[in-house]
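The values are calculated or read from the model by the stated rules, or taken from the named source; none is laboratory data. Computed from a predicted model, the values in this text were never measured in an experiment. Neighbour counts run over all protein chains shown; Cβ positions are idealised from the backbone, glycine included. Each accessible area value is taken on the protein alone, full model and side chains, heavy atoms only, with ligands, DNA and RNA left out. Shrake-Rupley method; radii C 1.70, N 1.55, O 1.52, S 1.80 Å.
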Amino acid sequence: MKQTVSLPFMALGILFCVCLILSNILEVKMIQIGPVTATAGLIVFPISYIINDCIAEVWGYRKARLIIWAGFAMNFLAVAFIQLAILLPPAEFWDGQQGFADVFISTPRIAIASLTAFLAGSFLNAYIMSKMKIASQGKQFSLRAIVSTLVGESADSLIFFPVAFAGTVPLQALFALIVTQAILKSAYEVVILPVTIRVIRYIKKIDGSDVYDNNISYNILKIKDV
């Protein structure tokens, strides 16, 4: 039988990939919000977790797994092409090479940290959403969304910052970054939750899908199992 995807699923999948690529680009800037130091990726990265929640809630873990790997692939390609653009010789009349490299260059260490943290956090988020939906018989979406995001975001921060910056950033500052990012990104989810709930209700209504992941494999490598 020919496999098809719905328009809402496709739109969320595209937005998911765009958010991931943008967050990686914005991560290079450190921002100050009052006494709090964070990365500029904070303004867009949590949206990927909200989309992850939507997909896992409406279409189930298997579709979420597919989108997570798609996001990983797009992120990898974006990093690779940006690095290639940096390596290409600039035009003789263009004097922005150094500035371009300063903004977009990604060391192998940071690239590995980012991609690994993304996979761990995203799959934990989708797994918890799936298991809690079965346990609660589809109820308590708000609790499921908050718990899954808190676990996923915490895992992401716990992996990314030590791998990317250990030895280059003071230990106290590193710990503060981990805690701050996890809390702020999870708070983002809480603030936007009323919108997330309405979006999910609307998608379920027009798409007619509300999957429960009974008797499925949670193996993250079974991409073809959709």
Check: Any idea how many residues of segment 6-38 are farther than 21 Å from Ala80 by Cα, at pLDDT 85 or above and open to solvent by 80 Å² or more (accessible area, probe 1.4 Å)?
Finding: 2
Notebook entry, point to check: So which residues in segment 41-54 are of a type in the set (A, V, I, L, M) and open to solvent by 10 Å² or more (accessible area, probe 1.4 Å), if there are any at all?
Noted result: Leu42, Ile43, Val44, Ile47, Ile50
Margin query: in contact with a Cys (Cβ under 6 Å, 6 or more places away or on another chain), among the aliphatic types (A, V, I, L, M) and open to solvent by less than 30 Å² (accessible area, probe 1.4 Å): is that true of Ile200 in this structure?
Written below: yes
Next item on the list: State whether one or more residues within segment 108-121 are more than 23 Å from Ala182 (Cβ to Cβ) and either open to solvent by less than 90 Å² (accessible area, probe 1.4 Å) or more than 19 Å from the chain's Cα centre (by Cα) (or both).
Entry: yes
Checklist line | Exclusive hit being of a type outside the set (D, E, K, R), loosely packed, with under 15 Cβ neighbours inside 10 Å and either closer than 30 Å to Thr39 by Cβ or in contact (Cβ under 8 Å) with a residue 12 or more places away in the chain (or both), set Leu193, Leu184, Leu171 | finding: Leu171
Check: In the set Phe81, Phe76, Phe93, Phe72, which member is out of contact with any Cys (no Cβ under 9 Å at 6 or more places or on another chain) and surrounded by 15 or more Cβ atoms within 10 Å (Cβ to Cβ)?
Finding: Phe72
Note to self: Can you list residue pairs whose Cβ atoms sit under 8 Å apart, with the first residue in segment 135-161 being part of a loop (DSSP other than H, G, I, E, B) and the second being modelled with pLDDT of 90 or more and open to solvent by less than 20 Å² (accessible area, probe 1.4 Å)? Count only pairs 6 or more apart in sequence or on different chains.
What the structure shows: Ser136/Arg144
Notebook entry, point to check: Mind checking which residues of segment 145-170 are under 21 Å from Ile112 (Cβ atoms) and more than 21 Å from the chain's Cα centre (by Cα)?
Noted result: Ala166, Gly167, Thr168, Val169
Item checked: Tabulated pairs, segment 107-118, first hydroxyl-bearing (Ser, Thr, Tyr), second at pLDDT 85 or above, C-beta under 6 angstrom, 6+ apart or interchain -> Thr116/Ile159
